[in-house]
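Here the structure comes first, spelled out in structure tokens, and everything after it is commentary.
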Ligand code: CS2
């Protein structure tokens, strides 16, 4: 594995004796005894999983389940992690043999643990051929993904492949050097088919509706543009189980790096921070074998949908609502927003209003689930920034808020609470906050949304209908007067009174 220099010199930890110590295989036995570390011989682990999108979430979630599996002797399920674009994770992890720490925080308590399940890292952009070769390697039986909603290059409202997406257009023209996740998956599957190898399972771990079906649809539609035969093979042979993944993982800050370094007694260039809660529900449908993830706390089920709806419509919906409205009210983190009783009550109302559209999965109880969510959101040991969750709203709104609105309308129920969350997004994407300061809106549609806001000005009865017309997000909801009425009213309240007052019933 090529070794790079750590990017940030300031990350180097000075030991009490003045030396520099960095987390690695060699330094692992100098960790404080209290810190849990890989309980297996890493040199004997072989890769079974290639993971696309090796960000903080994957490292605080699936990689930990796999670390536990390896400790139970399932040594052929190690992970090769790939970043599609940025070399930052590679640059941080490569010099430390891909070891990293997870800091699990609740209140004043932090538990540190060093994870060893990632064996090697790739940067797809730097060497696309090598990543395709890794995925086509017969030892790879699962390719998993956390590439965020926008990484699927689909139309958020319909779940269909966006054939005009610049990365899709590029990948069709350059199948040997793709940029997108669908481009890599199809290139590697084509390679396996040509070599007479069985396909790998594609395991989406992103917060999308029916993530398995969505990725399968995107892959078959993409492949069909190049080879209908390949597309048919993917449809018939490649298993794409749906999953529900849950753990709150805020972005790692400089202060986190310093705190982890002092707990470890050595530098970790990129530790991850997480809450104690962790959940992974997986549809049991694999085409090339699977590890016994149930032995380490994951749950295999035949139908993920009720779990997915519960999580997207209760957790993620209220997360997004709190993020937009909390940000507008001047709160930097979810915990700070939740400390304001008006916002905590608003989150509770959003959950209450989502509930009639859900069938709670077996073994779960609505009131207990919601109470736990409110408690998790209030975890002040996590600096989970409202701006982080506010990112990519155009890709998140359909599965978090709009599906619930549709279902409530079909039942003849009012939609005001959800409309206020949507209005919070609208106010946010105008890129100007309540104090007139600019907002750094990060969203693939940011330019289009800003142009709409510029053309209408800050007038609820012009802005709301104009944004509702963005069909990739709202589809036919724009034409329902109950939707335009409720969203326009909520936006008018936001402009007139500000978010803090608007969330009060
Ligand atoms: C959050 C999620 O950033 C976001 O949009 O709502 O990442 C959330 O923290 C996770 O889905 C929790 O499992």
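The values are calculated or read from the model by the stated rules, or taken from the named source; none is laboratory data. The model shown is predicted, which means the values in this text are computed figures rather than measured ones. Every residue, glycine among them, receives a Cβ derived from its backbone with ideal geometry; neighbour counts consider all protein chains shown.
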* Asked: Which residues, counting only those in the range 258-280, are in contact with a helix residue (DSSP H, G or I) (Cβ under 8 Å, 6 or more places away or on another chain) and farther than 15 Å from residue 58 by Cα?
  -> 261, 265, 266, 267, 268, 269
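Among helices (runs of 4 or more DSSP H) lying entirely in the range 430-486, which contain 1 or more residues that are in contact (Cβ under 8 Å) with a residue 60 or more places away in the chain and closer than 27 Å to residue 500 by Cβ?
Working: elements: 446-456, 460-468, 471-474.
Passing ranges, in order: 471-474.
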* What number of residues within the range 445-458 are crowded, with 16+ Cβ neighbours inside 10 Å and more than 15 Å from residue 494 (Cβ to Cβ)? -> 5
* To do: Need at least 2 residues that are surrounded by fewer than 22 Cβ atoms within 10 Å (Cβ to Cβ) and within 22 Å of the chain's Cα centre (by Cα) per element, so show me which helices (runs of 4 or more DSSP H) inside the range 212-312 make the cut, counting only ones lying wholly within it.
  => 254-264, 305-310
* Structure fact -> The one condition residue 420 fails out of (1) part of a helix (DSSP H, G or I); (2) within 13 Å of the ligand (Cβ to nearest atom) is (2)
* To do: Scan the range 198-213 for residues that are more than 16 Å from the ligand (Cβ to nearest atom), touching a strand residue (DSSP E or B) at 6+ places or on another chain (Cβ under 8 Å) and farther than 22 Å from residue 137 by Cα and jot them down.
  => 212
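Residue-by-condition table, conditions (1) in a helix (DSSP H, G or I); (2) within 15 Å of the ligand (Cβ to nearest atom); (3) more than 21 Å from the chain's Cα centre (by Cα); (4) modelled with pLDDT of 95 or more:
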site: 356; (1), (2), (3), (4): yes, no, yes, yes
site: 359; (1), (2), (3), (4): no, no, yes, yes
site: 364; (1), (2), (3), (4): no, no, yes, yes
site: 368; (1), (2), (3), (4): yes, no, yes, yes
site: 373; (1), (2), (3), (4): yes, yes, no, yes
site: 394; (1), (2), (3), (4): yes, yes, no, yes
site: 397; (1), (2), (3), (4): yes, yes, no, yes
site: 401; (1), (2), (3), (4): yes, yes, no, yes
site: 406; (1), (2), (3), (4): yes, no, yes, yes
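What residue, among those in the range 46-78 that are free of Cβ contacts under 8 Å to residues at least 60 places away in the same chain and farther than 13 Å from residue 146 by Cα, is surrounded by the fewest Cβ atoms within 10 Å (Cβ to Cβ)? Before you say what the answer is, go through the steps one by one.
Going through the range 46-78, the residues free of Cβ contacts under 8 Å to residues at least 60 places away in the same chain turn out to be 63, 67, 70-71, 73, 75, 78.
Next cut, farther than 13 Å from residue 146 by Cα only: 67, 70-71, 73, 75, 78.
On the way: 67: 24, 70: 26, 71: 16, 73: 8, 75: 16, 78: 25.
Only one residue tops the list, namely 73.
Going through the range 43-65 one residue at a time, which ones are out of contact with any helix residue (DSSP H, G or I) (no Cβ under 8 Å at 6 or more places or on another chain) and away from the ligand (no atom under 16 Å from the Cβ)?
Taking the range 43-65 as the starting set, the residues that turn out to be out of contact with any helix residue (DSSP H, G or I) (no Cβ under 8 Å at 6 or more places or on another chain) are 43-44, 46, 48, 56-64.
43, 44, 46, 48 - these are the residues of the range 43-65 that are out of contact with any helix residue (DSSP H, G or I) (no Cβ under 8 Å at 6 or more places or on another chain) and away from the ligand (no atom under 16 Å from the Cβ).
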